[in-house]
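Presented below is the structure to which this report refers.
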Amino acid sequence: MSDTLIRGATILTMNRRREILVEADILVSGDRIAELGRVAVDAVPPGTEIVDGRGLIVMPGLVNSHVHTSQQLGRGIADDVDLLTWLRERIWPFESQLTPEDQYVSTSAIGVEMIKSGVTTFSEAGGQHVDAMGHAVSDLGLRATLCQSSMDNGEGLPEGWILPTDAVLERQIEQNERWHGAADGRIRHWFGLRTIFNCSDDLILRTKAEADRRNTSVQIHVSEIPEENRFARETRGASTVEHLARLGVLAPNLLSVHCVWLSPREIELFGENDAPVVHCPSANMRVLGFAPIPELLASGVAVGIGTDSPPCCNRSDIFDEIYLAALIHKGKRVDPTIMPAESVLDMVTVHGAKCLGWENEIGSLETGKKADLIMIDPREIGTLPIHDLVSTLVYATHSRSVVSSMCDGRWLMRDRKVLTVDEEVILSQVQERADAIRERAGIRLQSRFPVIRPA
């Protein structure tokens, strides 16, 4: 791994003081940032690659805090349908038919999409083929947390998804031993809990205890729909969040995703327990509702942003989610001052890093931290002029402006060309595999318009 010096760039550090360095340099040595600011010529090691950063913006690699990599090949199979149809007739049948080979292609495809939209770190939401995910992430060069979608009870789920509690834990422990710390530390293995609908208290408690023992984290979908809280009250005696708090598992290493239907007291509980949350704007708008993100941020909760499932968001583009996160709450509250650009930028950098337990290594550009960064070229008609850099990044920047990307000191993309995997090979497999999976799942989609092949 060679050293790299980027010269003369505008550097958005996202450090504690949120400093923006202009006409500045950043020296990368190995997998870490060695120096920021003005790097003297005699401080540059022989053989260092020199990159011209003039006119470019360098910022921390973005963190996508919730991604279903197993659903990339299902993009477009569940548009404009109700939630039960979305789950039971489209997503679950489709995902249940993936082979490990399909999973590898699916993770690779969404990984390329993330690289090209500025993501260097993501959190897998939970699938059925963790080993295939791990191999794909290793090849992509991304940083990631991986977990199994784990359930020990529930109704209407595909065969084989529900296992006895002991078997659920044994499988995840085996995965943890294979993948935690793999790929030179870029991969961390987490424990997964799907939802309170599908997980017994025994599984929740034992999963959290095992994660604590192994110094890792747990991910769970929380308070997605009103029916979930009604179910929790009927079966556990309290809403989902109140019950998790009562069990003693609401903690910094429990990542709660969506959190749409929260009471004021539940918002307080997240703050009191320093428990992070993930906001998925487009997925929420598709099937769930408006999450109380401004209130969670005001309570001191670390809130990340996730693209969620491709059949939900349709575009696994973190810049689209950044834009939506900044806008939808303004419209909902009729208040243009909430969710300002700087808060949203925090969510995909420093907050995202904290959500994933990686805040000491990534999320900001500082000496000694990991060299995870992206380079943005703002010189396009849809972005210029720049009057306010932070505002421009949130409201006027498109993912196509991300020209280069580095993770762990290694270039993932230069000049919009992904370097770690062959994008054309992946593209050649996507449609064929997606069609075959849909056929095996028995999903039949009617054309919305007449399809005519002229004679």
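Beta carbons closer than 6 Å, at least 6 apart along the sequence or on distinct chains, pair a first residue in the stretch 370-384 that is among the acidic types (Asp, Glu) with a second that is buried (at least 19 other Cβ atoms within 10 Å of the Cβ) and part of a loop (DSSP other than H, G, I, E, B) for 372/61; 372/362; 377/56.
In the set (1) at pLDDT 95 or above; (2) in the same structural domain as residue 11 (by TED's automatic domain parsing), the condition left unmet by residue 66 is number (2).
Only residues that are over 14 Å from the mean Cα position of the chain (by Cα) and of a type in the set (A, V, I, L, M, F, W, C): list them for the stretch 326-361, please. Result: 326, 327, 328, 334, 338, 339, 341, 344, 345.
Can residue 207 be described as at pLDDT 95 or above, in the same structural domain as residue 175 (by TED's automatic domain parsing) and over 19 Å from residue 304 (Cβ atoms)? Criteria met by residue 207.
Among residues of the stretch 148-171 being part of a loop (DSSP other than H, G, I, E, B), without any contact (Cβ under 8 Å) to a residue 40 or more places away in the chain and not hydrophobic (A, V, I, L, M, F, W, C), the one that is farthest from residue 253 (Cα to Cα) is 155. Could you check, for the stretch 75-94, whether at least one of its residues is surrounded by fewer than 20 Cβ atoms within 10 Å (Cβ to Cβ), within 17 Å of the chain's Cα centre (by Cα) and among the small types (Gly, Ala, Ser)? No, that holds for no residue. Among the residues of the stretch 224-239, those that are hydrophobic (A, V, I, L, M, F, W, C) and part of a helix (DSSP H, G or I) comprise 231, 232. If you check 57, 20, 11 for being in contact with a Ser or Thr (Cβ under 6 Å, 6 or more places away or on another chain) and within 22 Å of residue 385 (Cβ to Cβ), only one passes: 57.
Answer with yes or no whether residue 397 is more than 25 Å from residue 300 (Cβ to Cβ), part of a loop (DSSP other than H, G, I, E, B), in contact with a Phe, Trp or Tyr (Cβ under 8 Å, 6 or more places away or on another chain) and touching a residue at least 12 places away in the same chain (Cβ under 8 Å). So residue 397 fits the description; yes. Among the residues of the stretch 176-190, those that are out of contact with any Cys (no Cβ under 6 Å at 6 or more places or on another chain) and either buried (at least 16 other Cβ atoms within 10 Å of the Cβ) or part of a strand (DSSP E or B) (or both) comprise 176, 179, 180, 182, 183, 186, 187, 188, 189. Could you tell me whether any residue of the stretch 297-312 is at pLDDT 95 or above, touching a His at 6+ places or on another chain (Cβ under 7 Å) and more than 21 Å from residue 338 (Cα to Cα)? Within the stretch 297-312, one or more residues are at pLDDT 95 or above, touching a His at 6+ places or on another chain (Cβ under 7 Å) and more than 21 Å from residue 338 (Cα to Cα).
Tell me, yes or no, whether the stretch 332-348 has at least one residue that is in contact (Cβ under 8 Å) with a residue 40 or more places away in the chain and within 18 Å of residue 222 (Cβ to Cβ). Within the stretch 332-348, one or more residues are in contact (Cβ under 8 Å) with a residue 40 or more places away in the chain and within 18 Å of residue 222 (Cβ to Cβ). Taking helices (runs of 4 or more DSSP H) as the structural unit, those lying wholly within the stretch 240-337 and holding at least 3 residues that are surrounded by fewer than 24 Cβ atoms within 10 Å (Cβ to Cβ) and touching a helix residue (DSSP H, G or I) at 6+ places or on another chain (Cβ under 9 Å) correspond to 240-247, 264-272, 293-298, 318-333. Kindly establish whether residue 448 is surrounded by fewer than 19 Cβ atoms within 10 Å (Cβ to Cβ), under 30 Å from residue 86 (Cβ atoms) and in the same structural domain as residue 16 (by TED's automatic domain parsing). No, not satisfied. Of all the listed residues (434, 441), the sole one being among the hydrophobic types (A, V, I, L, M, F, W, C), under 26 Å from residue 78 (Cβ atoms), crowded, with 19+ Cβ neighbours inside 10 Å and within 24 Å of the chain's Cα centre (by Cα) is 434.
Kindly indicate whether residue 135 is at pLDDT 95 or above, outside the structural domain of residue 18 (by TED's automatic domain parsing) and farther than 22 Å from residue 177 by Cβ. The answer is no for residue 135.
The values are calculated or read from the model by the stated rules, or taken from the named source; none is laboratory data. The model shown is predicted, which means the values in this text are computed figures rather than measured ones. Counting neighbours? That spans all protein chains shown, and the Cβs are built from the backbone with ideal geometry, glycine included.
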